[in-house]
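What follows is a single structure, written as structure tokens, with notes after it.
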Amino acid sequence: MPPPRDPRYRPFRLALWALYFTVIAVALAVVLTSIVRNLRGPHRPAATGALPTRAALRVCVTELEALHAEQNHRAWRLADEVGEGDAIARWEIWAREWEQRVDDLADRCRLDARDPDPQGFGGREELAQAREAVLQVHRAYRAQVNRFAQEEADLARRAAQALRQAQEAVSRPPERG
């Protein structure tokens, strides 16, 4: 049986326990804050300036269509490149740059502006909904790429290596004995 604790040190033990729980609480708060900030993404200031004209919104729609087509093309191209060692890393770099271009488009076209359209022709809300739909597709692509990178990328690399070895074997001149 352990000896009884000295009552003279009780205030010190309580202070150490309080310090221990404070350190744990601060560390937990820092981790949770970091997670929330990461999930929210970078802070974007509110859009300022004049609302876009109808012609400017047509340009915005065309740009968004081009960004959507580019992401679909890039996703299909990734399937051809996935056996290469750095294909996933190149995808991630491209994905971040693509997201930044979508954010730039949203800023230029004032898609997140809350003030009503004084010209009365609308279109901004629909364009903002289209942007969200394109971003949902992008998030789905990224989720699939990340899942593949975690679970099956080794299979693709082994297949690419085996195909290279087969190509080399077939391309060699026959050995004469």
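The values are calculated or read from the model by the stated rules, or taken from the named source; none is laboratory data. The structure displayed is predicted, hence computed values, not measured ones. As a convention, Cβ positions derive from the backbone with ideal geometry for all residues, glycine included, and neighbour counts pool all protein chains shown.
Among the residues of segment 69-80, the one identified as crowded, with 18+ Cβ neighbours inside 10 Å and at pLDDT below 85 is Leu78. Annotation: of all residues in segment 81-110 being assigned to a loop (DSSP other than H, G, I, E, B) and within 30 Å of Arg54 (Cβ to Cβ), the one that is modelled with the highest pLDDT is Cys109.
Please pick out the residue among Arg139, Arg172, Arg164, Arg158 that is under 14 Å from the mean Cα position of the chain (by Cα) and more than 14 Å from Leu78 (Cβ to Cβ). Break it down into steps so the answer makes sense when it comes.
Values: Arg172 fails: under 14 Å from the mean Cα position of the chain (by Cα); Arg164 fails: under 14 Å from the mean Cα position of the chain (by Cα); Arg158 fails: under 14 Å from the mean Cα position of the chain (by Cα).
Only one candidate passes the filter, namely Arg139.
Against the definition (at negative phi, in a helix (DSSP H, G or I) and either surrounded by 10 or more Cβ atoms within 10 Å (Cβ to Cβ) or modelled with pLDDT of 95 or more (or both)), how does Ala66 come out, yes or no? Before you say what the answer is, go through the steps one by one.
Details: at negative phi: yes; in a helix (DSSP H, G or I): yes; either surrounded by 10 or more Cβ atoms within 10 Å (Cβ to Cβ) or modelled with pLDDT of 95 or more (or both): yes.
Yes; evaluated as a whole, the condition is true for this residue.
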